[in-house]
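Student: Below is the structure I would like to discuss, written out as structure tokens.
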2 protein chains.
Amino acid sequence: MPHRTQKPKNNLNTKLARNIGERILLGEFQPGGLLPNEAAWGKAFGTSRTVVREALKTLMAKGLIESRPKVGSKVLPRSQWNILDRDVLDWHHAAVDRQAFFQSTQEVRRLIEPGAAKLAAEKRNVAQLARLETAFTNMKKAKTAQESVIADVEFHEALMAAANNDLLLPFGIIIEKALGDLFDFTTHRNPQPKQAIKLHERVLLAVRAADGKAAIKAMNTLLDNTDGLLAPVSTKGK
Amino acid sequence: MPHRTQKPKNNLNTKLARNIGERILLGEFQPGGLLPNEAAWGKAFGTSRTVVREALKTLMAKGLIESRPKVGSKVLPRSQWNILDRDVLDWHHAAVDRQAFFQSTQEVRRLIEPGAAKLAAEKRNVAQLARLETAFTNMKKAKTAQESVIADVEFHEALMAAANNDLLLPFGIIIEKALGDLFDFTTHRNPQPKQAIKLHERVLLAVRAADGKAAIKAMNTLLDNTDGLLAPVSTKGK
DNA sequence: AAAATTGATTTGTCATACAAAAACTATTGC
DNA sequence: GCAATAGTTTTTGTATGACAAATCAATTTT
């Protein structure tokens, strides 16, 4: 896990939410099924009902469960799950095949990022462009593979932000996870890819020039390259 | 508001979360700023601290705030907000200009839906196709404009599901809101648009025929039409 | 058979107390 | 003077016990 800007909170309710959340994502508790009641969790974990309730509240807020008196907490259908929530995505990530997960992130990036790059080229303001430039500079300056990934993620998030559409922001999380996996898969023999720099530079140039079409093309090329990076790697995921 | 499948919970903690959430989205509490502490909310609302804490937990889970002892609850930067969460999107929707919001949903739909339609055409299984067919049938059978919108939303959500990529599911919420607005804006003089049926049928045929390219084209045409629907309407949003 | 009543179970809310974290302040030692 | 240190204070975190409210299931009543 190369990048981690926020230290994870380790309160009891957070830990319990993580525990239950992971198990839901793993399929131990299936959609439509019921969770043990609050008292049972409390006994199982040696915590008060207060903690249990706050953990369940967290899961409710993320769309994983729904609670009603006399009934209990029911796992909601997957369509209700807030998969683009950072925690939920983490739990999902821990539960599924790495290779398949990466493929689905790539699929989504194919949909979003070229169009987002176009929007960014057409609508970015100076501050947003500056942020993108900084991220690119940091990619070039990066000494370690880890620094490089962090700057890479920041580049793509800056691009998303430059598209000036709030509804696109949650996608940053997907990119973050995707690049994190890419790092895990390829970093060993690919410490500082010069080609990646060039590909990102082309995106930056297009955005700087406010050239939407070029931005699309550059981003697609970048994603082509990303696809290629993963292919030759042996499956070592879970 | 034409479609509402789940009755809204009216527990105290839910109401308080909504109250605070709306005010954050409205900008009354700005990112980086602090919320009043738990005791203050309790006094202001005449509720126990338990309720306040569960409300705040909800907001934490949605990425709106972050709490630390001695400091309090800080509003997080917008990039952390889970805007694709149903509640957050509702609050956002209530806070922004309707016309601008609709435009941003259209922008996102332009990115996602054609590609999603392609994936659906290529990867859908029989059950998923059947769901799509049913939704389309319901669109045709719809007696009222309201029924029509519900079926329309279901059609697009079924399409999303047929793409077989969990990461795309959260987008259903955007479509739901977008079509809801469209309904509010245009339904008066556009009770049952035959053209819309035809456009959706083309998408369905492409998916049925597993023709990815045709699916993209059909969806783009559909979105062109959607754009056109809004344009001539006078601004009556807030 | 349908409707109203009762009973049991689970979540929802309240009140109070104390623990733990973290910023702030004062003190100490050099 | 300054830095490390130790205490102080404020705010959230957790525990406990009690009761209210919602709701499903069975029972009774009509």
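Student: Using alpha-carbon positions, what is the distance between the centroids of region A:1-64 and region B:126-205, in Å?
Tutor: Cα centroid of region A:1-64 versus Cα centroid of region B:126-205: 35 Å apart.
Student: For every helix of n ≥ 4 consecutive DSSP H residues, a contribution of -39,500 (n - 2.57) applies; sum these over chain B, divide by its total residues, and give [θ] at 222 nm rounded to the nearest 500 deg cm²/dmol.
Tutor: Numbers: 10 runs with 156 residues, N = 238.
Result for chain B: -21500 deg cm²/dmol, rounded to the nearest 500.
Student: I've got another one for you. Between beta-carbons, use under 13 Å as the cut-off and find the net charge around residue A:210, counting Lys and Arg +1, Asp and Glu -1.
Tutor: Charge balance near residue A:210 sits at +3.
Student: Next question, about the same structure. For region A:15-28, take each phi angle, set θ = phi - 60°, evaluate the Karplus expression 6.51 cos²θ - 1.76 cosθ + 1.60, and give the result in whole Hz per residue in order, putting x for glycine and proline.
Tutor: 4, 5, 4, 4, 4, 5, x, 4, 5, 5, 5, 6, x, 5
Student: Given contacts defined as C-alpha pairs under 8 Å and at least six residues apart, what's the relative contact order of region B:12-80, whole-number percent?
Tutor: Relative contact order for region B:12-80 comes out at 39 percent.
Student: In addition: Of all trypsin sites (Lys or Arg not before Pro) in region B:104-145, which ones are in loop regions per DSSP and have a Cβ with at most 15 other Cβ atoms within 10 Å?
Tutor: Details: sites: B:109, B:110, B:118, B:123, B:124, B:131, B:140, B:141, B:143; in loops: B:124, B:143.
Passing both the DSSP loop test and the Cβ count: B:143.
Student: Let me ask something else. Output the direction-averaged projected area (hull surface divided by four) of the convex hull of the alpha-carbon atoms of region B:98-230, in nm².
Tutor: Working: hull surface 27.5 nm².
For region B:98-230, the mean projected area of the Cα convex hull comes to 6.9 nm².
Student: Nearest-to-axis residue of chain B, judged by Cβ, for the B-to-A rotation, with distance in whole Å?
Tutor: Its Cβ sits closest to the axis: B:61, 2.
Student: From the phi angles alone, apply the Karplus equation (6.51, -1.76, 1.60; θ = phi - 60°) to region B:162-172 and give each ³J(HN,Hα) in whole Hz, x where the residue is Gly or Pro.
Tutor: Residue by residue, region B:162-172 yields 5, 6, 6, 9, 4, 5, 8, 4, x, 5, x Hz.
Student: Evaluate peptide A:103-109: per residue, the Cβ atoms of other protein chains within 10 Å of its Cβ; return the mean as an integer.
Tutor: 4
Student: Let me ask you something else. Just to be sure I understand: if I project the alpha-carbon convex hull of chain A onto a plane and average over all orientations, what area do I get in nm²?
Tutor: Its Cα hull, projected and averaged over all orientations, spans 14.0 nm².
Student: Largest first, how would A:213, A:9 line up by accessible area (1.4 Å probe)?
Tutor: I get A:213, A:9, largest accessible area first.
Student: Just counting partner chain Cβ atoms within 10 Å, what average do the residues of peptide B:130-141 show around their Cβ?
Tutor: The mean count of partner-chain Cβ atoms within 10 Å per residue comes to 0.
Student: Now a separate question. Pop a pseudo-label 7 angstrom from the Cα along the beta-carbon direction at both residue B:223 and residue A:122 and give the gap in nm to one decimal.
Tutor: About 1.1 nm separates the two model spin labels.
Student: Continuing with the same structure: Would you tell me the mean number of C-beta atoms belonging to other protein chains that fall within 10 Å of each C-beta in B:162-173, as a whole number? Spell out each step's value before the answer.
Tutor: On the way: counts 0, 4, 2, 6, 10, 15, 6, 8, 11, 5, 2, 5.
Mean inter-chain Cβ contacts per residue within 10 Å come to 6.
Student: Taking amide H positions as placed in the peptide plane 1.01 Å from N, state which residues far from residue A:72 in sequence (5 or more) or on other chains have amide H under 5 Å from it.
Tutor: none
Student: Okay, next question. Could you go through region B:106-117 in sequence order and give the Karplus-derived ³J(HN,Hα) for each residue, using 6.51 cos²θ - 1.76 cosθ + 1.60 with θ = phi - 60°, rounded to whole Hz, and x for Gly and Pro?
Tutor: For region B:106-117, the Karplus curve yields 4, 4, 5, 4, 4, 6, 7, 5, x, x, 5, 4 Hz.
Student: Along Cα→Cβ at 7 Å, what distances in nm separate the residue A:209 label point from those on the other copies, shortest first?
Tutor: Label-point separations across copies, in nm and ascending: 3.8.
Student: Non-local amide H neighbours of residue A:65 (under 5 Å, H modeled in plane, Pro and chain starts lacking H): which ones?
Tutor: HN-HN under 5 Å from residue A:65: A:60, A:76.
Student: If you average 1/r over all unlike Cα pairs in region A:12-80 and invert the result, what Kirkwood radius do you get in angstrom?
Tutor: Numbers: mean 1/r = 0.0852 Å⁻¹.
When all Cα pairs of region A:12-80 are included, the Kirkwood radius is 11.7 Å.
Student: For residue A:143, go 7 angstrom from Cα along the Cα-to-Cβ vector, then report the distances to that same point in the other copies in nm, smallest first.
Tutor: Inter-copy label distances (nm, one decimal, shortest first): 7.4.
Student: Sorted from largest down, give the three principal axis spans of the alpha carbons of the protein assembly as shown, whole angstrom values.
Tutor: Rounded to whole Å, the extents work out to 65, 55, 43 Å.
Student: Sticking with this structure for a sec: Could you sort A:148, B:48 by accessible area so the largest value comes first, with the probe set to 1.4 Å?
Tutor: So the residues, ranked largest to smallest area, are B:48, A:148.
Student: Continuing with the same structure: Tell me the label-point distance for the pair residue A:164, residue B:74, using the 7 Å Cα-to-Cβ offset, in nm and rounded to one decimal.
Tutor: Distance between label points: 3.0 nm.
Student: Give the relative contact order (percent, whole number) for chain A; include only Cα pairs under 8 Å separated by 6+ residues.
Tutor: In percent, rounded to a whole number, it is 21.
Student: If you put a point 7 Å past Cα along the Cβ direction, how far is that point for residue A:46 from the same point in each other copy, in nm, smallest first?
Tutor: 4.3
The values are calculated or read from the model by the stated rules, or taken from the named source; none is laboratory data. Keep in mind it's a predicted model, so treat the numbers as computed, not measured. Quick reminder, even Gly has a Cβ in these numbers, built from the backbone with ideal geometry, and neighbours come from all protein chains shown. Side chains are part of the model used for accessible areas, which takes the heavy atoms of the whole protein and leaves out ligands, DNA and RNA. Shrake-Rupley method; radii C 1.70, N 1.55, O 1.52, S 1.80 Å.
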